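Q: Submitted below is the structure of interest, expressed as structure tokens.
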Amino acid sequence: MNIRRAATLLALGLAASGIHAASVPQKTQWILASAKATGAGGEDFVTSLRITNPNTVTATVAITYLALSPLQDGRANGDNSSATTVTVTVDGGRTLPIEDVLGTKFGSAAPHGIVAGGLKIASDVPVSVLSRTYNAAARSSTGVPGTFGFSIPAQSADEAVSAGDTAYVSYVAGAPDRTKGYRSNFHMLNTVAEESVVHLKLVRQDGSVVGERDYTFAPLASAQENDIAKVYGNTALDENLTVFATVKSGGPVVVGASVIDNAIASINYAPPAKVFAPNNGKFGLILDDGGYGFSGRLDVYEGMPDFLSAGIVLEGCPAPTTVQLFFVQAFTLGGNKNTTFTKNADGSWAMSGSSSSATWTGTIFGDVDGSVFGTITYARSSGSAGGSCPGVGKTMSFRGARAEAIPVP
């Protein structure tokens, strides 16, 4: 019999945790956008990097340039599977500055016609990465040379948008022309060497939809929708638009927006906030079992639970052992199949299962942070079929988070 041990349940329950904060050093991360290009107003945009190594050992860091490709009927066809990678080292406790990264490290290459794109940063030890894209040819009102621009922090795998997940980017703006207000460019980067499809929806403050469409990305492709509000049909001066980005297939994908002042060309970065869908993972469950401290495990694969187990303490059993521990293992596949999970209209899942000695039912909900919560009811069968605790049951709530990802072929 395919038994998953109780010790694993406890370990998964204790391992359940939230995602990394954005400021935590990472081994793999992405800079959404970089450039060495002329802007719409004649700006001379370049990008610099700062790579900080907080470790005591030297970091070996590979930087891969994922060049921007133009959008053609919603497709970014620039396949970056053979993209150029350069390697740098950063001493422990030091910060490495890289000025004009596309010019100095990649020779201002434009394999898809534009000297711009995303950057993948892969290090043998965790590092922190921050970029700055700025106009190197700026002048003050009196003609003094200077610069202005914006910083884009690196995004980790936890911040990238996976299949079924949605991110939203606020502070997106649009204007009827370039004489006033703001415009927004929406940036997207496919982080995997396979095709990915992203659905964007542009929404006003009142919830009405300006427009929506799908984008298809070649492997590791980078693209941006310039002046997205205008492209989607906005004709008003509106500084409170929000883009909702959902990955329909493939992924993860990283997203964000640049917001440009039409009058003076100042620019800011609008980062994404991610709505996590609990999917493709093993979730550790903490049971509200009255202080006994047992835990559980839930597996969700391709949008549906396919396994649940838990240690359940029942009180009120016949003497002499009035408190007893039972384990439920809910299988949906194979010869051990004993449970059915059904998706409800509100997106939750209903569970119903049984064995010769007990029944179990419950409801599982997903939260916007990728965690799960719900209730489970476990009841022993009546009479001799219920063994040492016939007819006794218990309903309890639970909450859990993903402890391990399940790879999807």
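The values are calculated or read from the model by the stated rules, or taken from the named source; none is laboratory data. All of these numbers come straight from a predicted model, not from anything done at the bench. Note that each Cβ is placed from the backbone with ideal geometry, even for glycine, and that neighbours are counted across all protein chains shown.
Q: Of the residues A76, A110, only one is among the small types (G, A, S), in contact with a Ser or Thr (Cβ under 7 Å, 6 or more places away or on another chain) and touching a residue at least 12 places away in the same chain (Cβ under 8 Å); which? Give the derivation first.
A: Details: A110 fails: in contact with a Ser or Thr (Cβ under 7 Å, 6 or more places away or on another chain).
Of A76, A110, the one residue that is among the small types (G, A, S), in contact with a Ser or Thr (Cβ under 7 Å, 6 or more places away or on another chain) and touching a residue at least 12 places away in the same chain (Cβ under 8 Å) is A76.
Q: I would also like to ask the following. Consider S140 carefully, then state whether it is at pLDDT 95 or above and over 17 Å from the mean Cα position of the chain (by Cα).
A: Judged against the criteria, S140 is not a match.
Q: Turning to a different aspect of this structure: Give the range 143-172 a look and list any residue that's among the aromatic types (F, W, Y) and either at pLDDT 90 or above or not in a strand (DSSP E or B) (or both), or say none.
A: The answer is Y168, Y171.
A quick yes/no check of all residues on (1) within 18 Å of K27 (Cα to Cα); (2) crowded, with 22+ Cβ neighbours inside 10 Å; (3) outside the structural domain of V209 (by TED's automatic domain parsing):
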position	(1), (2), (3)
S128	yes, no, no
S141	no, no, no
P145	no, no, no
D158	yes, no, no
A167	no, yes, no
S170	no, no, no
D177	no, no, no
H187	no, yes, no
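Q: If only one of A137, A193 is out of contact with any His (no Cβ under 9 Å at 6 or more places or on another chain), in a strand (DSSP E or B) and assigned by TED's automatic domain parsing to the domain that holds I260, which one is it?
A: A137
Q: Condition test on A67, is it modelled with pLDDT of 95 or more and farther than 16 Å from Q224 by Cβ?
A: Numbers: modelled with pLDDT of 95 or more: yes; farther than 16 Å from Q224 by Cβ: no.
Considered against the rule, which asks whether it is modelled with pLDDT of 95 or more and farther than 16 Å from Q224 by Cβ, A67 comes out as no.
Q: Consider the range 196-222. How many of its residues are assigned to a loop (DSSP other than H, G, I, E, B) and either over 20 Å from the mean Cα position of the chain (by Cα) or among the charged types (D, E, K, R) (or both)?
A: Of the residues in the range 196-222, 5 are assigned to a loop (DSSP other than H, G, I, E, B) and either over 20 Å from the mean Cα position of the chain (by Cα) or among the charged types (D, E, K, R) (or both).
Q: Quick one: which of V125, V115, V88 is hydrophobic (A, V, I, L, M, F, W, C), over 18 Å from L32 (Cα atoms) and touching a helix residue (DSSP H, G or I) at 6+ places or on another chain (Cβ under 9 Å)? Before you say what the answer is, go through the steps one by one.
A: On the way: V125 fails: touching a helix residue (DSSP H, G or I) at 6+ places or on another chain (Cβ under 9 Å); V115 fails: over 18 Å from L32 (Cα atoms).
Criteria check complete, one pass: V88.
Q: Continuing with the same structure: For residues in the range 119-155 being in contact with a Lys or Arg (Cβ under 9 Å, 6 or more places away or on another chain) and among the small types (G, A, S), which is farthest from S69 (Cα to Cα)?
A: Of everything passing the filter in the range 119-155, G146 is farthest from S69 (Cα to Cα).
Q: Looking at the range 313-336, which of the residues that are over 16 Å from A350 (Cβ atoms) and in contact with an Asp or Glu (Cβ under 7 Å, 6 or more places away or on another chain) is surrounded by the most Cβ atoms within 10 Å (Cβ to Cβ)?
A: Applying the filter and picking the extreme gives V313.
Q: Ok, one more. For the range 294-316, enumerate the residues that are out of contact with any Gly (no Cβ under 9 Å at 6 or more places or on another chain) and small (G, A, S).
A: Scanning the range 294-316 gives a single hit, G316.
Q: Just to verify a result, which residue in the range 7-36, among those that are at pLDDT 65 or above, surrounded by 19 or more Cβ atoms within 10 Å (Cβ to Cβ) and of a type in the set (A, V, I, L, M, F, W, C), is farthest from S258 (Cα to Cα)?
A: W30
Q: Kindly provide the set of residues from the range 309-332 that are among the aliphatic types (A, V, I, L, M) and touching a residue at least 60 places away in the same chain (Cβ under 8 Å), ordered by number.
A: Here is the first cut: in the range 309-332, the residues among the aliphatic types (A, V, I, L, M) are 310, 312-314, 319, 323, 325, 328, 330.
Once the filter is applied, which keeps residues that are among the aliphatic types (A, V, I, L, M) and touching a residue at least 60 places away in the same chain (Cβ under 8 Å), the range 309-332 yields A310, I312, V313, L314.
Q: Which residues, counting only those in the range 267-304, are hydroxyl-bearing (S, T, Y), more than 19 Å from the chain's Cα centre (by Cα) and crowded, with 18+ Cβ neighbours inside 10 Å?
A: S295, the sole residue that qualifies.
Q: Just to be sure I understand, how many residues within the range 99-126 are modelled with pLDDT of 95 or more, hydrophobic (A, V, I, L, M, F, W, C) and surrounded by fewer than 20 Cβ atoms within 10 Å (Cβ to Cβ)?
A: 2
Q: Could you please let me know if I51 is closer than 22 Å to A193 by Cβ and either aliphatic (A, V, I, L, M) or in a strand (DSSP E or B) (or both)? Before you say what the answer is, go through the steps one by one.
A: Values: closer than 22 Å to A193 by Cβ: no; either aliphatic (A, V, I, L, M) or in a strand (DSSP E or B) (or both): yes.
Taking the combined requirement at face value, the residue does not satisfy it.
Q: Could you check, for the range 81-95, whether at least one of its residues is of a type outside the set (S, T, Y), closer than 20 Å to D44 by Cα and either part of a loop (DSSP other than H, G, I, E, B) or assigned by TED's automatic domain parsing to the domain that holds V254 (or both)?
A: Looking only at the range 81-95, we keep the residues that are of a type outside the set (S, T, Y), and these are 83, 86, 88, 90-94.
Then drop every residue that is not closer than 20 Å to D44 by Cα, which leaves none.
No, the conditions are met nowhere in the range 81-95.
Q: Counting only residues that are within 22 Å of H112 (Cβ to Cβ), surrounded by 15 or more Cβ atoms within 10 Å (Cβ to Cβ) and among the acidic types (D, E), how many does the range 203-259 have?
A: The qualifying residues number 2.
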